[in-house]
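First comes the structure, then the notes that go with it.
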Amino acid sequence: MAQVLVVKYENQADAKVFETPYESQADLAVLEVPYEQQATGDAVWHMVHYESQATFKIFKVKYEAQADLRIFKVKHLAQAGWRTQGHVLEGKLGK
């Protein structure tokens, strides 16, 4: 389950994330869900408020070149998933 926390400082994060304007530019298409139980794998995220709840911490960056992971938010479960096969973070977000 990907329980994701957005942190304020880069050094606290597991990865730096850039949200792309187009799906074709993304490494990962992400669906955000409202309940912890709905989060599965790397691509279905439940956003949390506390570090103790998080399985993965991200720091949002302003520029694509700064990012470890480029994401695009989708509205349907069928759209969520990896776009870049063999990405270094694949399998690590939903520990």
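Listed values for the range 31-38 are Karplus-derived 3J(HN,Hα) couplings in whole Hz (6.51 cos²θ - 1.76 cosθ + 1.60, θ = phi - 60°), namely 10, 8, 10, x, 10, 3, 5, 7, and x replaces Gly and Pro.
Solvent exposure of the range 3-82, expressed per residue, is 61 Å² of accessible area, with all protein chains present and a 1.4 angstrom probe. When all alpha-carbon pairs of the chain are counted, what percent fall beyond 17 Å? Of all Cα-Cα distances in the chain, 44 percent exceed 17 Å.
Here's how it looks for VAL48: its modeled amide H is under 5 Å from those of VAL4, LEU5, VAL6, which are all 5 or more places away or on a different chain.
Run the numbers on the range 3-82 and let me know its relative contact order in percent, using alpha-carbon pairs under 8 Å that are six or more apart. Working shown, then result.
Details: 174 pairs, mean separation 39.1, N = 80.
The value is 49 percent.
Distant-in-sequence amide contacts of LYS92, defined by a placed amide H-H separation under 5 Å and a gap of 5 or more residues or a different chain, comprise nothing.
Taking θ as phi - 60° and the Karplus parameters 6.51, -1.76 and 1.60, the scalar couplings of the range 75-89 work out to 9, 10, 4, 5, 8, 6, x, 6, 9, 9, 5, x, 4, 4, 8 Hz in sequence order, x denoting glycine and proline. 3J(HN,Hα) couplings calculated from phi for the range 20-28 with the Karplus curve 6.51 cos²θ - 1.76 cosθ + 1.60 (θ = phi - 60°) are, in sequence order, 7, x, 10, 4, 5, 8, 8, 7, 9 Hz; Gly and Pro show x. Computed in the context of the full set of protein chains, the accessible area of the range 3-82 at 1.4 Å probe radius has 49% of its extent on carbon or sulfur. Computed over neighbours whose Cβ is under 10 Å from that of ALA67, the net charge equals 0, Lys and Arg +1, Asp and Glu -1.
The values are calculated or read from the model by the stated rules, or taken from the named source; none is laboratory data. A quick note: this is a predicted structure, and the numbers were derived from the prediction, not measured. Reconstructed Cβ throughout: ideal geometry from the backbone, glycine too, with neighbour counts over all protein chains shown. These area figures cover heavy atoms from the full protein model, side chains too; ligands, DNA and RNA do not enter into them. Shrake-Rupley method; radii C 1.70, N 1.55, O 1.52, S 1.80 Å.
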